[in-house]
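Novice: First the structure, then my questions, so here it is.
Just so it is clear, none of the values below were taken in a lab; they were calculated from the coordinates. Fair warning: this is a prediction, and the values are worked out from it, not measured in the lab. Every residue, glycine as well, gets a Cβ built from its backbone with ideal geometry; the counts of neighbours run over all protein chains shown.
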């Protein structure tokens, strides 16, 4: 027996099949479009990243420029032979954020470090073009041929005096620098070595790094060639342990960033030891061996710590001699207090009648250091010490004016805070 369906049923079935095919076709088109869009956006992002990388990361040009001058006998240094002849010193991951200031992780035998190198002025170029580094000839033109070692010592002494002021211990610092200048350890400073040393001393971060490394506050200088130099690598940084990639920084709200920072900190006893390192840094540069210094940017990004949880200042450019700070502010014109800022947060007040900035800093280093440590230390602090710690930190943050005018109060707060932290960790393995 054969069953035949009515005509209208056949029509409905055919219409349903057409609708189903249409839906499948639409889904295919949608996924094809999304795939095409993903490939397009991904390709654009990769192009932008590659363009930014090739513009920022020009390490091979730094090496070529340095080694060319080394082979011509213009410069020399403790790292020149390893960089240019033996090739046992090499650059790896690029950390540069400015095209004329090249920064790389690097290896030199058993040492891991950070390599920094200056390039001349960098101009915009099209992708695929070679950019010739325009290193100014004047970078390595001093001292001139015929300059005696005694004359070079005098040059170094006068340079240090102009940077640090008339300090009593400058002669011993000159001796220390000449020891660094003797790259091949033959007991003499050659003209090429002297030129490299002089070029390094023109960079404040190198000079201040040498001043502070004796106390263990900055990474140790491992070697140099011309104005390319390598320092120890600080294994943990920044201070909070988390550094967002630069494309994400502008997208993540600051409140969320602060919360994320706290998730990646060490245990509290270890944070206390790291914090004591920062307090000791403040103590050592307050009327130190070579005068007083100001830290003009206490952002966590400028600090790191070692496997032993010892603090290291990874960016010495944030430190400025107080003598230089005063000279700068003395001639700085102003309308309001907001005009009297040096660096990020070294401030003075404006003398409205003279329309010039005053010399006295508004806050000493210690007050700014306590402000940077407040959230870092209070989170996870033992309940038995939290209230007293908070009270001392706020008293510290309230310090005003030049610390030189309040030595007793400054020292009392600093010592009390260090003693409080030490009591909490002296019996632990972290001490």
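Novice: Please give the length that would be gained between residue 394 and residue 422 if that part of the chain were fully extended, namely 0.36 nm times their separation in residues minus their C-alpha to C-alpha distance (nm, one decimal).
Specialist: 8.2 nm
Novice: OK, next. Rg/Rh for the range 246-425: what does it come to with C-alpha atoms and Rh from Kirkwood?
Specialist: Details: Rg = 17.4 Å, Rh = 17.6 Å.
Ratio of gyration radius to Kirkwood radius: 0.99.
Novice: Taking other Cβ within 10 Å of each residue's Cβ, how do 75, 274, 425 sort, fewest first?
Specialist: Ordered by Cβ neighbours within 10 Å, fewest first: 425, 274, 75.
Novice: Also, I was wondering about something else. Once R0 is set to 41 Å, what does the formula 1/(1 + (r/R0)^6) return for the Cβ-Cβ distance between residue 92 and residue 344, expressed as a FRET efficiency to the nearest 0.05?
Specialist: Working: r = 30 Å, r/R0 = 0.73.
So the FRET efficiency works out to roughly 0.85.
Novice: Moving on to the next point. For residue 141 and residue 317, what is the calculated FRET efficiency with R₀ set at 35 Å and r taken between the beta-carbons, to the nearest 0.05?
Specialist: It comes to 0.90.
Novice: Stokes-Einstein diffusion coefficient for the range 131-241 at 10 °C in a medium of 1.306 mPa s, Rh from the Kirkwood formula over Cα pairs: what value in µm²/s?
Specialist: It diffuses with D of about 104 µm²/s by this estimate.
Novice: Give the Rg (one decimal place) followed by the Dmax (whole number) of the range 264-356, computed from C-alpha coordinates and expressed in Å.
Specialist: Rg then Dmax for the range 264-356, in Å: 16.4, 53.
Novice: A further question follows. Treat each spin label as a single point 7 Å out from the Cα along the C-beta direction, and report the residue 110 to residue 161 distance in nm.
Specialist: 4.3
Novice: Set the Förster distance to 56 Å, then compute FRET efficiency between residue 351 and residue 71 from the Cβ-Cβ distance, nearest 0.05.
Specialist: Working: r = 55 Å, r/R0 = 0.99.
For residue 351 and residue 71, the calculated efficiency is 0.50.
Novice: Report the full-extension gain for the segment residue 149 to residue 101: residue separation times 0.36 nm, less the Cα-Cα distance, to one decimal in nm.
Specialist: Once the chain is fully extended between residue 149 and residue 101, it gains 14.2 nm.
Novice: Compute the length gained on full extension between residue 64 and residue 333: take 0.36 nm times their separation in residues and subtract their Cα-Cα distance, giving the result in nm to one decimal.
Specialist: 92.5 nm
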